[in-house]
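A short reminder: the numbers here are calculations on the coordinates, not readings from a lab. Remember, it's a predicted structure, so these values are computed and weren't measured experimentally. Don't worry about glycine lacking a Cβ; one is built from the backbone with ideal geometry, like all the others, and counts go over all protein chains shown.
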Amino acid sequence: MEHITCKKCGSANYVKNGIVRNKQRYRCKDCKCNFTQGDNRGKISVQAKALAVLLYGSAKASYGMIARIFNVSRPTVLYWIKSIGAKLPEPNIDNCQVSPGC
Ligand SMILES: [Zn+2]
């Protein structure tokens, strides 16, 4: 059987707490969060998301291609790019420094 730990705090101190989307849901006794096993939620690192945004930003990778690389859905990729993009500063297009007057 798969070793089950809480996705938030890593505790193995959990109880079964119903079924959601045909999957067993567990409730962590330590941090009180609910979690399921067998999906990718919470398993993708920040570094992987940053790489996805870089791939997308290079204009050589589509949502679908990134989704296949990381084995997630296309809306997930869209969400990563939106959420990481929202933290970046606005590009300053009024103050072009490449050549004056452009
Ligand atoms: Zn927990």
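Near Tyr56, within a Cβ-to-Cβ distance under 12 Å, what is the net charge of the other residues, with Lys and Arg +1 and Asp and Glu -1?
Value of the local net charge: +4.
Would any residue of the stretch 13-28 have its amide N under 13 Å from a label point 7 Å out along Cα→Cβ of Thr5? List them or say none.
So the set is 13.
Identify all lysines with a Cα-Cα distance to Lys87 below 28 Å; exclude those on the same chain that are fewer than 8 residues away in sequence.
Filter leaves Lys7, Lys8, Lys43, Lys49, Lys60.
Across the stretch 54-69, in residue order, what do the Karplus-derived ³J(HN,Hα) couplings come to in whole Hz, using 6.51 cos²θ - 1.76 cosθ + 1.60 with θ = phi - 60° and x for Gly and Pro?
4, 4, 5, x, 6, 6, 10, 10, 8, 3, x, 5, 5, 4, 5, 4
Around Arg25, which amide H atoms from residues at least 5 apart in sequence, or from another chain, sit under 5 Å from its own amide H, with H modelled in the peptide plane?
Those lying under 5 Å, H to H, from Arg25 are Asn17, Gly18, Ile19, Val20.
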